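Beneath this line is the structure, given in structure tokens, with notes to follow.
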Amino acid sequence: MKKTLFLLFVLAGLLIFPANAQNRRASIPLKHGAHRIGKRTDAEMQRWREHGLGQFIHWGVYAIPGGFWEDKYYPGAAEWIRSWKEMPKDAYDNLYKGFNPKAFDAKRWAKQAKEMGAKYMIFTTKHHDGFCLWPSKYTDYTIANSPYKKDIVKAVVDAYNKEGIDVHLYFSIIDWNYKGYRSAPPVTKEDSVLYDKFKEFTRNQLIELLTNYPTIKGLWFDGSWDKAWINEAAWVDELGNELRAMHPGLVIGSRFRADENGKRHYDSNGDLIDDYDQTWERDLPNSIDDLNGSDWDCVMTVPQNQWGYHKEWRGYVKTSYDLIKMMLHAVSMNGNFVVNFGPDGQGNIRPEETQLAAEIGEWMKINSEAIYGTSHVGLKQQGWGYYTGKDNKIYLTVFNRPINNMINLEIPKGGVKPLKAYFLANKEEVEIIDAAKNKHNNSLYNIAIPAGYTSDKPFVIVLEVEQNLNDKDTYQQAKT
Ligand code: FHN
């Protein structure tokens, strides 16, 4: 069972990441702070936790200009082009009249995600521009009024669910199209009336999404940083309760709401707001200690900072090697890794992204056992790569093969005893050399990679150990 393995080393007196409670900064009475201290322990959350790899799709009318307006290159993230001074707002707000993505085939996207190894996906129902990819009753600015007409969110949810992939819906609180939306708190009476309308509109849309797409597993909020929204802590908290009551098990990250003191993600006591930490956008923690014992996800772009479709990617574009390495980095610290795709205005996933998905999928076909349902194992990080683990297995994913072909491993005093090691790819056994103990009485081992072994990809060595890492009693102690 994922996220429990560090317990193994509780046995060795080595508690790798501190319980969240220990990291709390203060004890301030809060009405709208975290609703629990520590992680959710229910089955739905456990399912989310075990995904390891996800797919993000940013799609909307911004895919039509694709980062260009009148042949001028927009240097920001393509989905933000409406905010560019060179972009006439009226022209942008009428783009939907030409949105007719003839090549859109949700089944094709879902198949590709499945082949990549994604266990869940996050889909932009509405980005900051306010355009809804579902036929919302509460605005005219929707897919129903485009030439395409059909409900895109439904097509996506159905197709991915058919492939056994969980769907989480991305929803932007910022809505540049809605009249009552504003980023600063309302000042005048008139402003307040309008903002109240916006709040009601937002609530209606969220209820509509949960009603129309009952199989979804979570809501992935964004654009919740405006002071106007932050100031509504009590109202937003109540809305969150309402959504959870409607949809038991719903998974919501830390970007939905702030506490009454305006603290986002972590409340004024340092406790995580809602179910997982959403601060790791295009970023990875240096160490497990940076995570406060929280569940978390890392959402990652393929180029530097493009989520929606941009015709011209400039700068460094990540390779499948980079993305697989980041995935291991995340999973080895109990996070989910989510790779973003930005289909074009016709609904095609660009060839570069298709290629990356295929390469990640090839790797996952052989090595996914080291990803799905695995957790942090609490061993000292070595230069060769990353540890993940579950049951009685520790997976060593090797990115940097040492020139002496020895994979070093240090097991704390009283920790697990290795029994055998083998390549995950072909089960060929490799020698475990007992390299004595260090001055702390920790056991040092070298796993010997045969000199003749070749691989042009990161490879996984499985280390079977004596104890089952999911020991029930230790799991109970581990809940943070
Ligand atoms: O502004 C958005 C951005 O366009 C993109 O959707 C990302 C995805 O995490 N979220 C916001 C920036 O944090």
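The values are calculated or read from the model by the stated rules, or taken from the named source; none is laboratory data. In this text the structure is predicted, and so the values were computed from the model without any measurement. So basically every Cβ, Gly included, is an ideal-geometry build from the backbone, and we count neighbours across all protein chains shown.
Summary of computed values
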| quantity | calculated |
| --- | --- |
| Leading residue by the ranking (surrounded by the fewest Cβ atoms within 10 Å (Cβ to Cβ)) among those in the range 260-296 that are closer than 14 Å to residue 330 by Cα and of a type in the set (Asp, Glu) | 283 |
| Residue tally, condition within 16 Å of the ligand (Cβ to nearest atom) and not hydrophobic (A, V, I, L, M, F, W, C), over the range 86-100 | 1 |
| Residue in the range 320-335 that is part of a loop (DSSP other than H, G, I, E, B) and either surrounded by fewer than 20 Cβ atoms within 10 Å (Cβ to Cβ) or of a type in the set (Asp, Glu) (or both) present | no |
| Residue within the range 341-356 that is hydrophobic (A, V, I, L, M, F, W, C) and within 16 Å of the ligand (Cβ to nearest atom) present | yes |
| Helices (runs of 4 or more DSSP H) wholly inside the range 13-99 that include at least 2 residues being at pLDDT 95 or above | 43-49, 89-93 |
| Residue within the range 59-70 that is surrounded by fewer than 22 Cβ atoms within 10 Å (Cβ to Cβ), away from the ligand (no atom under 16 Å from the Cβ) and within 21 Å of residue 304 (Cβ to Cβ) present | yes |
| Enumeration of residues in the range 158-180 that are away from the ligand (no atom under 15 Å from the Cβ) and in contact (Cβ under 8 Å) with a residue 24 or more places away in the chain | 158, 159, 160, 161, 162, 163, 164, 165, 166, 167, 177, 178 |
| Per-region count, the range 284-319, residues within 16 Å of the ligand (Cβ to nearest atom), in a loop (DSSP other than H, G, I, E, B) and touching a helix residue (DSSP H, G or I) at 6+ places or on another chain (Cβ under 7 Å) | 7 |
| Looking only at the range 115-140, and only at residues there that are basic (Lys, Arg) and surrounded by 22 or more Cβ atoms within 10 Å (Cβ to Cβ), the one that is nearest to residue 327 (Cα to Cα) | 119 |
| Failed item, numbered, when residue 47 is tested on (1) crowded, with 16+ Cβ neighbours inside 10 Å; (2) out of contact with any strand residue (DSSP E or B) (no Cβ under 8 Å at 6 or more places or on another chain) | (2) |
| Some residue of the range 101-120 being in contact with a Pro (Cβ under 7 Å, 6 or more places away or on another chain) and either away from the ligand (no atom under 15 Å from the Cβ) or farther than 30 Å from residue 369 by Cα (or both) | no |
| Qualifying position, being within 30 Å of residue 325 (Cα to Cα), touching a residue at least 12 places away in the same chain (Cβ under 8 Å), assigned by TED's automatic domain parsing to the domain that holds residue 154 and β-branched (Val, Ile, Thr), among 251, 236 | 251 |
| Any hit, the range 471-479, residues being touching a residue at least 24 places away in the same chain (Cβ under 8 Å), part of a strand (DSSP E or B) and either surrounded by fewer than 16 Cβ atoms within 10 Å (Cβ to Cβ) or not assigned by TED's automatic domain parsing to the domain that holds residue 320 (or both) | no |
| Subset of the range 164-200 [assigned to a helix (DSSP H, G or I), surrounded by fewer than 18 Cβ atoms within 10 Å (Cβ to Cβ) and hydrophobic (A, V, I, L, M, F, W, C)] | 193, 194 |
